[in-house]
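The values are calculated or read from the model by the stated rules, or taken from the named source; none is laboratory data. Quick caveat, the model's predicted, so the values are computed rather than measured. Neighbour counts run over all protein chains shown; Cβ positions are idealised from the backbone, glycine included.
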Amino acid sequence: MPRLTLLALMLLLASPPDRAAPDLGVPSKTGLVVCTSSPACDAGASVLARAGNAVDAAVATAFALAVTHPSAGNVGGGGFMIVRTPSGELTAIDYREKAPGAATRTMYLDADGKINRSLTNAGYLAPGVPGAVRGLQTAHTRFGKLPWKDVVMPGVLLAEQGFPVSAGLARSLNSALQRGMAKFPASVAAYGKPGGGKWAQGDRIVLADLGRTLRAIATDGPDAFYKGWIADRIADDMKANGGLITKSDLAAYEAKVRTPVRGTYREYEVISMPPPSSGGVTLIEMLNILEPLALKSKGLLTAPALHLQIEAMRRAYLDRARHLGDPDFVEVPVARLTSKDYARTVAATIGADKASRSADLGRDIVTTPQEPDETTHYSVIDRHGMAVATTTTLEGSYGSHVVVKGAGFLLNNEMGDFNPKPGATNLTGDIGTPANVIDPGKRMLSSMTPTMVVRDGKVVLITGSPGGRTIINTVLAIVLGVTEYGLTGREAVDMTRMHHQWLPDDVTIEATGVSDATIARLRSMGHRVRTQGRQGDAHSIWVSPDGTPYGINDKRTPDSKASVPAHLTAPTGGQ
Ligand code: DON
């Protein structure tokens, strides 16, 4: 035997290969709540432990996130929830914010017609009419099993009794207090450290006004928020500071129950959020384009595979800009955009190894990136298989940075998701197409993509992410990882992510996991590629082929967790 081979054999015998089981995530057949902030995941799991179902746990997690993850968890914002019952019934709940009645198409333009981003970034003109509390009520009324008060209470207690600040929350709060919140005394009063100074890991934070608001929602019901004293506080604050939201805007707000969009990818069914999210339609269009292109045969994260994905993204995001908006206001061709026939015609325009130019593809609408990472997604499953995917947001981190005086909660800055300047669609990524211009009472277009993948009638994956327009591509990567490449949920969530959104005509790719040679090859095809830090925060659940659900927290966020119900009471049967 040659000496080297012998040496290799001896080394192998001395230290047998690591046979530790692969990390698949946190297994649990008694339910899971996977989210970005561990006290909030635990709050949700405590509701599962009291025999609440997945929707009870999702609602509890939402109110808890409003306390422990103030940059995105909210009562002053909105979101989307997809519910799948154990019998396979599918529901999408839309609690997206709406433009106030006094909003106008040009409200964010200055005298020269330029977009004034400072008005949508922060302050009293930035918020849409909040939808979160009505949306959670709608989900609970349809599907919940425990009393409303019981599912709001964990959030109330976290706010009233306080909770330990994590390193991540300390960093995030200190930065928000120093920057966006500094102009708003009620925000500093709510979130500043009592006695002054900076928050540090391990400090206890108590949010008394938020606790009062949540307790009123728990005991008097959601009307306390939309018609009672909380509505008065919002309307008074708006009036005093030049904002538009009135008591009648709040009283008129309704969450909508919609039909999820559905597609297939080989033997899998993909279920996601319909308009006013662009997420589901764009995701399914990209999957349809890619399905016949045999990505797996080109390898995982190789230049030829990434090229095809970029070209699918470019084309689907152009359709997003062209067609998508609030379906209560504009006709959205959902059936056509999600059909296999349409995808075939789109795929036929993709060159084998040459990048297309985005501006050429969308010449008719172009007249002349990165979004912040502050939305949050969580996934829940209960022991009966009821599944919930929820993405919720204030839009930017800490939304408008405005805390409603005396009510302790942050208002969103979601109005910035409308097209701020009608007609202005340009190479830097502004979109001015008619579908998503501002109109009173309209919902602004979203990219939030809470999604489920089902095979043979059983849930295989529950996923979603923050990240503005990158969300849809983060979800695409995870869905392709599981369906096309046969990865486990953990591998698919950990995998390197990439983003292209039609315009600007740039590709961003997470710096780990793709070689310099692959990036050089993509550049030689004509793609403008940049590496960057992390993309998204996709707290997911994957069900292995043997039927075990695994909680897959996204390790890109250290505070995240997959929580299991600790003390499960006797099963009650049914949902
Ligand atoms: O609805 C949307 O698409 C955006 N408002 C989401 C914002 C977001 O994800 C910000 N960052 N992570």
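Before moving on, here are some points about what is shown:
- One residue alone among Ala538, Ala520, Ala566, Ala562 is of a type in the set (A, V, I, L, M) and at pLDDT below 95, and that residue is Ala566.
- Residue match in the range 278-288 (condition: assigned to a loop (DSSP other than H, G, I, E, B) and buried (at least 18 other Cβ atoms within 10 Å of the Cβ)): yes
- Test: Lys421 is at pLDDT 95 or above, in a loop (DSSP other than H, G, I, E, B) and farther than 19 Å from Leu65 by Cα: no
Okay, residues lined up against (1) of a type in the set (A, V, I, L, M); (2) closer than 30 Å to Gly547 by Cβ; (3) in the same structural domain as Gly162 (by TED's automatic domain parsing); (4) outside any strand (DSSP E or B):
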| residue | (1), (2), (3), (4) |
| --- | --- |
| Gly429 | no, no, no, yes |
| Gly441 | no, no, no, yes |
| Pro466 | no, yes, no, yes |
| Arg469 | no, no, no, yes |
| Leu476 | yes, yes, no, yes |
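- Criterion violated by Val403 - all others in (1) within 16 Å of the ligand (Cβ to nearest atom); (2) at negative phi; (3) modelled with pLDDT of 95 or more satisfied: (1)
- If the condition is being over 18 Å from the mean Cα position of the chain (by Cα), within 14 Å of the ligand (Cβ to nearest atom) and under 21 Å from His500 (Cβ atoms), then the range 406-428 contributes only Asn419.
- Residues considered: Thr483, Thr488. Of these, the only one that is more than 19 Å from Leu522 (Cβ to Cβ), touching a Leu at 6+ places or on another chain (Cβ under 6 Å), at pLDDT 95 or above and assigned by TED's automatic domain parsing to the domain that holds Leu301 is Thr488.
- Once the range 239-277 is narrowed to residues that are in a loop (DSSP other than H, G, I, E, B) and within 16 Å of the ligand (Cβ to nearest atom), the residue that is nearest to Lys405 (Cα to Cα) is Ala255.
- Of residues in the range 74-115 being part of a loop (DSSP other than H, G, I, E, B) and β-branched (Val, Ile, Thr), the one farthest from the ligand (Cβ to nearest atom): Thr85
- Residue match in the range 370-385 (condition: away from the ligand (no atom under 16 Å from the Cβ), crowded, with 21+ Cβ neighbours inside 10 Å and among the acidic types (Asp, Glu)): yes
- Residues of the range 430-469 that turn out to be in contact with a Lys or Arg (Cβ under 8 Å, 6 or more places away or on another chain), within 14 Å of the ligand (Cβ to nearest atom) and of a type in the set (S, T, N, Q), as a count: 2
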